Amino acid sequence: MDSYDGVEKLRLDEVTDPQPGPGQVLIRTIYAALNPADAFLAQAQYPAKPALPHVLGRDGVGEVIAVGTGVDGVRPGDTVAILHGNAGVETWGTLAEKTLAGAAEVVPVPRGWSLEEAAGAPLVYLTAWQALTQWSEPRPSTPTTGAPGAPLEAPPVPGSVVLITGASGGVGSATVLLAKSMELTVVALSRSAQKAEQLKQLGADYVFDPTEKGLRKQVLAAIAPKRVDLAVDCVAGPLFNEIIAMLGFGGRISVVGRSGGAVPDFNTGTLFFRRNRIGGVSVADYSHPHARAAWMQCVERLDKLGKRPVVDSVFEFADVKAAFARLSQGPMGKVVVKIGG
């Protein structure tokens, strides 16, 4: 990435092999996975502004081929996934044959998972977990930079209604699965009839097309006499005001994305009488120990459901631009790039 003119300007080139420093591991990347945040960063629409040239990609799986000084518990030959760190943000990421990561930032591939599944799961599952659990208990406000990490809080009460916008995407499909593991009633929104059927197979109780007239009436009729307890919003845009109107007393919205653009004509008065709350989600708020604990929760819950992360498609390394184009179309699950063998 030579500029902030978007992923369409990415180029494939040879660079010097990175070398692991203290506490780091060098990974031969096998699969990387794409996130909307990668495309936002490439358009200067993300808080991080790394020096150029830059290599995108924060998700990936591969073989450890070297370790730096002070590394314990990770050895050459281990197959690992990058869980949570600066790769692809402030430092060069996984869209490369070799990637550096902190030893504390990698985890083993869960038993029974394919490498493609493991490559795309960490960021979206940590995001979904935080979106679902961040409201369970009050916590003091702390700055995210340098913070000790968001506490792991209890999931919502079983039977609560969670509404998920952009439910077919990476975070959306992860949220559906985790919400079902928590015994929540899941209302998913998707514009595609085909994806609606796939979401039902994942466990969604109801799926609605957000572009249909009368969406609010349809949702509230389906879940009556309840209203929405928690919304996980990956879209924003005009739909956001509709979501607020569906919330019950004390209902909350966890804001994950904004693929639908800015929220028009937002009226703060709509929050008053049902005491609704809105809060952003940021995986960067997790310390490494908290991220690992949250990840283990996600893996265990998927195992109990007998489910695995959803992979939409796998592209060859030379076809990264086409992979980003697929991401922009709205995939069902994760878009993965095969880097090496």
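Per-structure values
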{"quantity": "Residue identified as out of contact with any Ser or Thr (no Cβ under 9 Å at 6 or more places or on another chain) and in contact (Cβ under 8 Å) with a residue 12 or more places away in the chain among Gly60, Gly68, Gly93", "calculated": "Gly68"}
{"quantity": "Checklist (1) touching a strand residue (DSSP E or B) at 6+ places or on another chain (Cβ under 8 Å); (2) acidic (Asp, Glu); (3) open to solvent by less than 50 Å² (accessible area, probe 1.4 Å) applied to Glu97, failing item", "calculated": "(3)"}
{"quantity": "Val263 vs. criteria closer than 28 Å to Ala87 by Cα and open to solvent by less than 70 Å² (accessible area, probe 1.4 Å)", "calculated": "no"}
{"quantity": "From the options Gly280, Gly248, residue that is out of contact with any helix residue (DSSP H, G or I) (no Cβ under 8 Å at 6 or more places or on another chain) and exposed (fewer than 14 other Cβ atoms within 10 Å of the Cβ)", "calculated": "Gly280"}
{"quantity": "Residue check, Arg301 more than 23 Å from Ala119 (Cβ to Cβ), of a type outside the set (A, V, I, L, M, F, W, C) and not in a strand (DSSP E or B)", "calculated": "no"}
{"quantity": "Filtered residues of segment 109-137 (kept if open to solvent by 20 Å² or more (accessible area, probe 1.4 Å) and part of a helix (DSSP H, G or I))", "calculated": "Leu115, Glu116, Glu117, Leu123"}
{"quantity": "Hits in segment 76-94 - residues which are open to solvent by less than 50 Å² (accessible area, probe 1.4 Å) and more than 17 Å from Leu123 (Cα to Cα)", "calculated": "Gly77, Asp78"}
{"quantity": "In segment 28-75, the residues that are surrounded by 12 or more Cβ atoms within 10 Å (Cβ to Cβ) and more than 30 Å from Gly166 (Cβ to Cβ)", "calculated": "Arg28, Pro53, Glu63, Val64, Ile65, Ala66, Val67, Gly68, Val71, Val74"}
{"quantity": "Qualifying residues in segment 242-285 (those that are at pLDDT below 90 and of a type in the set (A, V, I, L, M)) - the one farthest from Val187 (Cα to Cα)", "calculated": "Ala284"}
{"quantity": "Of all residues making up segment 318-341, the number that are assigned to a helix (DSSP H, G or I) and touching a helix residue (DSSP H, G or I) at 6+ places or on another chain (Cβ under 6 Å)", "calculated": "1"}
{"quantity": "Gly102 being under 21 Å from the mean Cα position of the chain (by Cα), at pLDDT 90 or above and not polar (S, T, N, Q)", "calculated": "yes"}
{"quantity": "Residue satisfying all of: in segment 4-27; touching a helix residue (DSSP H, G or I) at 6+ places or on another chain (Cβ under 6 Å) and either basic (Lys, Arg) or surrounded by fewer than 17 Cβ atoms within 10 Å (Cβ to Cβ) (or both); nearest to Asn86 (Cα to Cα) among these", "calculated": "Gly23"}
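Residues are listed down the side, and each one gets a yes or a no for (1) surrounded by fewer than 18 Cβ atoms within 10 Å (Cβ to Cβ); (2) over 28 Å from Ser282 (Cα atoms); (3) not aliphatic (A, V, I, L, M):
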| residue | (1), (2), (3) |
| --- | --- |
| Ser181 | no, no, yes |
| Val187 | no, no, no |
| Glu197 | yes, yes, yes |
| Gly203 | yes, no, yes |
| Lys213 | yes, yes, yes |
| Pro225 | yes, yes, yes |
| Ala231 | no, no, no |
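The values are calculated or read from the model by the stated rules, or taken from the named source; none is laboratory data. A quick note: this is a predicted structure, and the numbers were derived from the prediction, not measured. Glycine gets a Cβ as well: all are built from the backbone with ideal geometry, and neighbour counts include every protein chain shown. Protein only, heavy atoms only, side chains kept; ligands, DNA and RNA dropped before computing areas. Shrake-Rupley method; radii C 1.70, N 1.55, O 1.52, S 1.80 Å.
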